[in-house]
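Beneath this line is the structure, given in structure tokens, with notes to follow.
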Amino acid sequence: MLNNQGRPTTPKDSAVASHETFTRNRGLQMEEALLFEIGRTDVTGVDLDEPASFVSRLGHLAREEEIGLPGLSEPETMRHYVRLSQKNYAIDSGLYPLGSCTMKHNPRLNESMARLPGFSDIHPLQPQSTVQGALTLIEELAGWLMTLTNMDAVAMSPKAGAHGEYCGMAAIKAAIEAKGEGALRKVVLVPESAHGTNPATAAAIGFEVRSVPAGADGNVHPDAVRALMGPEVAAIMLTNPNTCGLFERQIVEIAQILHEGGGYFYCDGANFNAIVGKVRPGDLGIDAMHINLHKTFSTPHGGGGPGAGPVVLSSRLAPFAPVPFIKRDGDKLALVEDAIGTQALGRLTAFHGQMGMFVRALSYILSHGSDGLKQASEDAVLNANYVRARLADLMSLPFGNRPCMHEVLFDDAWLKDTGVTTLDFAKAMIDEGYHPMTMYFPLVVHGAMLIEPTESESLASLELFIMTLRDLAMSALRGEKTRFEGAPFYAPRRRLDETRAARAPVLRWTPPQPITDAQQAAE
Amino acid sequence: MSETRYTKDHEYIRVEGDVGIVGITDFAQGQLGDVVFVELPQAGKVVAKGAEAAVVESVKAASEVYAPVSGEVVDVNGAIEGQPGLVNEDPAGKGWFLKIKIKDKAELSELMDEAAYQAFVSSCS
């Protein structure tokens with residue numbers, strides 16, 4: 001109910017540009033028009049001879065007007081796409097502290113492995129006898145995921161985190177129906193601090209969502225779960241470490257409550273990167289958990305995807321894993337694609353999953369080794385705690401100055417009476433060349449700022465980031481409001497008017513009119 | 001002389017005879033931010049106390065407006081569908097949502113009066 005997080009929705013008056021350039025470029029920041037605006041129908045980058053004769057067999061269905069596909073010369077095409085690529089803020093261009101998203105470095109080694117012809121030049125419909133190497137790679141990655149989580153089975157096909165949630169919750173539903181409890185167990189417990197996808201997944205599967213209140217310390221408490229547990233509860237969906245950046249210390253007891261009550265335990269594995277090599281989810285009593293290969297195992301993420309969300313399953317859920325899966329018969333591997341006569345869920349995707357991401361994830365796992373994976377988790381946690389320790393004197397921590405996991409959560413209590421909001425602070429970070437942290441999430445904290453530096457950052461990089469935030473924080477506390485209210489000043493676009501965008505959205509593209517000499521003179 | 005009562009979900013109901021005018025409070029509109037969409041029920045709909053009666057959306061939040069008391073919706077404020085900004089500008093006046101024919105006036109006593117609501121709001125912020 002309400003916008004409890006205090007996010008402002010309208011830009012202040014100071015958020016208007018000082019003056020526009022003629023080209024609308026801002027120095028070397030090019031204002032690149034749409035392809036439809038710069039392309040011409042009489043131009044193409046390739047020379048093709050006109051066909052000698054052309055007779056349409058479409059009769060009266062033949063198109064009478066040009067379809068107007070834009071054409072560009074080769075140099076124009078290069079400039080268009082290079083300029084678009086320069087608009088992208090990526091982990092390759094700067095620190096990307098988006099909490100719970102784990103924007104870690106994508107090692108180049110992964111990329112070379114994924115481009116090996118045996119992995120990149122194959123097709124899902126090839127005879128399986130010709131892709132035994134690729135199937136071996138999937139089997140080996142699956143083995144690693146089960147080892148790292150101490151789980152009995154893994155469904156490799158889900159294509160992202162939320163898809164993995166769907167897979168895991170569908171397996172739970174299938175297990176409940178197999179026990180004849182389908183009509184009874186209709187409720188899924190979801191803590192208030194959960195990722196928004198969790199209640200959405202539960203609802204999409206057909207469950208009713210019941211919210212578990214968070215404790216004052218940011219953790220989910222067994223008593224709160226026990227109070228909501230009953231014969232109608234199918235499962236709990238819990239994130240560990242949670243979105244407040246805290247390890248759920250009583251997770252084993254929570255698992256016991258669910259299991260004793262006949263329910264299942266789904267864990268959102270989005271934050272698995274904090275505990276790989278340190279904690280095995282299977283040891284905590286978890287029945288299903290998705291693993292974001294694009295977070296924990298360094299495959300590209302955020303526009304550079306695609307994601308991949310394999311789901312590990314406990315022995316209670318393993319029989320319900322979806323097809324296809326890999327079965328070994330001596331030296332030969334085969335994809336089992338038929339669910340008939342088994343309890344398997346059926347099929348969630350056309351093929352076996354994100355092969356290119358499997359190659360990258362296994363490359364990451366093997367190049368790090370068991371000691372390296374463990375160190376990556378430790379370094380991720382160390383970096384987040386370094387940020388916490390260096391900023392705790394200026395910014396406020398909602399649950400006290402105690403160790404966090406891989407991400408640190410600040411609230412906006414420290415900004416009270418400064419006139420600066422979390423949104424303003426985030427926009428000012430853009431002026432400083434940083435992608436903002438996650439803001440106004442988790443919802444349980446007012447004006448949340450969730451920072452996840454990841455293990456990719458060096459001490460020097462972290463220090464520069466911290467000094468930037470300290471400079472901004474001191475500026476806000478000194479009352480230098482205009483630096484924040486008007487921000488971003490230096491981005492290609494200034495503050496967006498979210499209200500006008502919602503009240504009067506422009507949904508249809510219209511061609512821009514060229515400016516004539518007369519119009520220019522008149523201005 | 002009209003009497004206004006408040007819910008913990010920040011709806012008000014201004015009682016005029018046996019009809020109550022329902023809307024969201026000034027505190028609620030301030031928290032929501034600019035309202036961009038309102039969904040109102042059909043007149044004639046019978047609602048129970050605490051049931052969803054309308055929907056209000058701002059840029060960053062969508063909320064249900066719950067019926068403060070049980071009764072029949074006798075009128076809705078169509079003006080705020082076209083101009084949702086009225087909810088921000090004048091929540092207690094032109095930004096009202098709906099009128100309910102109150103089924104049981106005893107339910108009103110379960111709601112907060114002005115003083116109790118103001119105390120409740122200061123504990124929220």
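The values are calculated or read from the model by the stated rules, or taken from the named source; none is laboratory data. Small disclaimer: the values here were computed from a predicted structure and weren't measured. Neighbour counts run over all protein chains shown; Cβ positions are idealised from the backbone, glycine included.
I'd like the full set of residues that are surrounded by 16 or more Cβ atoms within 10 Å (Cβ to Cβ) and closer than 24 Å to A:ASP393 by Cα, limited to the range A:481-516. First the steps, then the outcome.
Let us first name the residues in the range A:481-516 that are surrounded by 16 or more Cβ atoms within 10 Å (Cβ to Cβ), namely A:481, A:483-489, A:494-495, A:497-499, A:502-503.
Answer for the range A:481-516, where residues must be surrounded by 16 or more Cβ atoms within 10 Å (Cβ to Cβ) and closer than 24 Å to A:ASP393 by Cα: A:LYS481, A:ARG483, A:PHE484, A:GLU485.
Looking at the range B:63-74, which of its residues are within 14 Å of another protein chain (Cβ to nearest Cβ) and β-branched (Val, Ile, Thr)?
Within the range B:63-74, B:VAL65 is the sole residue that qualifies.
State all residues of the range A:291-328 that are surrounded by fewer than 24 Cβ atoms within 10 Å (Cβ to Cβ) and in a helix (DSSP H, G or I); if no residue qualifies, say none.
Correct list: A:ALA318, A:PRO319.
Would you check which residues across the range A:234-254 are farther than 29 Å from A:ALA361 by Cα and surrounded by 24 or more Cβ atoms within 10 Å (Cβ to Cβ) and list them?
Residues satisfying the conditions are A:ALA234, A:ALA235, A:ILE254.
Using the structure shown, decide if B:GLY78 is exposed (fewer than 13 other Cβ atoms within 10 Å of the Cβ) and closer than 28 Å to A:ALA501 by Cβ.
Working: exposed (fewer than 13 other Cβ atoms within 10 Å of the Cβ): yes; closer than 28 Å to A:ALA501 by Cβ: yes.
So B:GLY78 fits the description; yes.
Find all pairs meeting these conditions: Cβ atoms under 8 angstrom apart; at least six residues apart or on different chains; first residue within the range A:346-373 and assigned to a loop (DSSP other than H, G, I, E, B); second residue surrounded by 14 or more Cβ atoms within 10 Å (Cβ to Cβ) and of a type in the set (D, E, K, R).
A:THR349/A:LYS159; A:GLY353/A:LYS159; A:GLN354/A:LYS159
With the condition being out of contact with any helix residue (DSSP H, G or I) (no Cβ under 7 Å at 6 or more places or on another chain) and among the hydroxyl-bearing types (Ser, Thr, Tyr), I'd like the strands (runs of 3 or more DSSP E) fully within the range A:198-290 carrying at least 1 qualifying residues. Steps first, answer last, please.
Values: elements: A:208-212, A:233-239, A:264-268, A:288-290.
Hits in the range A:198-290: A:208-212.
In this structure, is A:THR468 polar (S, T, N, Q) and in contact with a Gly (Cβ under 8 Å, 6 or more places away or on another chain)?
No: the conditions fail for A:THR468.
Exactly one of these conditions fails for A:GLY164: (1) within 21 Å of the chain's Cα centre (by Cα); (2) assigned to a loop (DSSP other than H, G, I, E, B). Give me its number.
Failing condition for A:GLY164: (2).
Select from the range A:492-523 the residues that are over 18 Å from A:ARG24 (Cβ atoms) and touching a residue at least 12 places away in the same chain (Cβ under 8 Å) and list them in ascending order. Lay out the reasoning, then the answer.
Initially, the range A:492-523 is screened for residues over 18 Å from A:ARG24 (Cβ atoms), giving A:497-505, A:507-508, A:517-518, A:521-522.
Across the range A:492-523, the qualifying residues are A:ASP497, A:GLU498, A:THR499.
Counting only residues that are surrounded by fewer than 22 Cβ atoms within 10 Å (Cβ to Cβ) and touching a Ser or Thr at 6+ places or on another chain (Cβ under 9 Å), which one in the range B:7-16 is farthest from the other protein chains (Cβ to nearest Cβ)?
Filtering the range B:7-16 down to residues surrounded by fewer than 22 Cβ atoms within 10 Å (Cβ to Cβ) leaves B:8-9, B:14-16.
Restricting the remaining residues to those that are touching a Ser or Thr at 6+ places or on another chain (Cβ under 9 Å) gives B:9, B:14-16.
On the way: B:ASP9: 6, B:ARG14: 21, B:VAL15: 23, B:GLU16: 27 Å.
Top of the filtered list is B:GLU16.
What pairs come out if I take residues in the range B:57-69 that are of a type in the set (Ser, Thr, Tyr) and pair them with residues that are surrounded by 19 or more Cβ atoms within 10 Å (Cβ to Cβ) and in a loop (DSSP other than H, G, I, E, B) whose C-beta lies under 7 Å away, six or more apart or interchain?
Hits for this filter: B:SER58/A:ASN3; B:SER58/A:THR9; B:SER58/B:GLY33; B:SER58/B:ASP34; B:SER63/A:LEU2; B:TYR66/B:THR7.
Give the residue that is nearest to the other protein chains (Cβ to nearest Cβ), with candidates limited to residues of the range B:17-39 that are over 16 Å from B:GLU114 (Cα atoms) and part of a strand (DSSP E or B).
B:VAL36
Conditions tested, residue by residue: (1) over 30 Å from B:GLY85 (Cβ atoms); (2) at pLDDT 80 or above.
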position	(1), (2)
A:ARG7	no, yes
A:VAL16	no, no
A:HIS19	yes, no
A:LEU35	yes, yes
A:PRO70	yes, yes
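For the range B:40-62: of the residues being within 14 Å of chain A (Cβ to nearest Cβ) and either part of a helix (DSSP H, G or I) or surrounded by fewer than 21 Cβ atoms within 10 Å (Cβ to Cβ) (or both), which is modelled with the lowest pLDDT?
Within the range B:40-62, the match that is modelled with the lowest pLDDT is B:LYS60.
Please go through (1) closer than 21 Å to A:ALA308 by Cβ; (2) in contact (Cβ under 8 Å) with a residue 60 or more places away in the chain for A:ARG115 and return the number of the only condition it doesn't satisfy.
Of everything listed in (1) closer than 21 Å to A:ALA308 by Cβ; (2) in contact (Cβ under 8 Å) with a residue 60 or more places away in the chain, A:ARG115 misses just condition (2).
So which residues in the range A:347-401 are basic (Lys, Arg) and over 22 Å from the mean Cα position of the chain (by Cα), if there are any at all?
A:ARG347, A:LYS374, A:ARG388, A:ARG390
Can you find, within the range A:398-447, the residue that is farthest from the other protein chains (Cβ to nearest Cβ) among those that are among the acidic types (Asp, Glu) and not in a loop (DSSP other than H, G, I, E, B)?
A:ASP431
Look through the range A:387-436, keep the residues that are closer than 19 Å to A:CYS244 by Cα and basic (Lys, Arg), and return whichever of them is surrounded by the fewest Cβ atoms within 10 Å (Cβ to Cβ).
Per the criteria, the residue is A:ARG402.
Considering (1) in a strand (DSSP E or B); (2) within 14 Å of chain A (Cβ to nearest Cβ), say which one B:GLU81 fails and leave the rest.
Tallying (1) in a strand (DSSP E or B); (2) within 14 Å of chain A (Cβ to nearest Cβ), B:GLU81 fails exactly one: (1).
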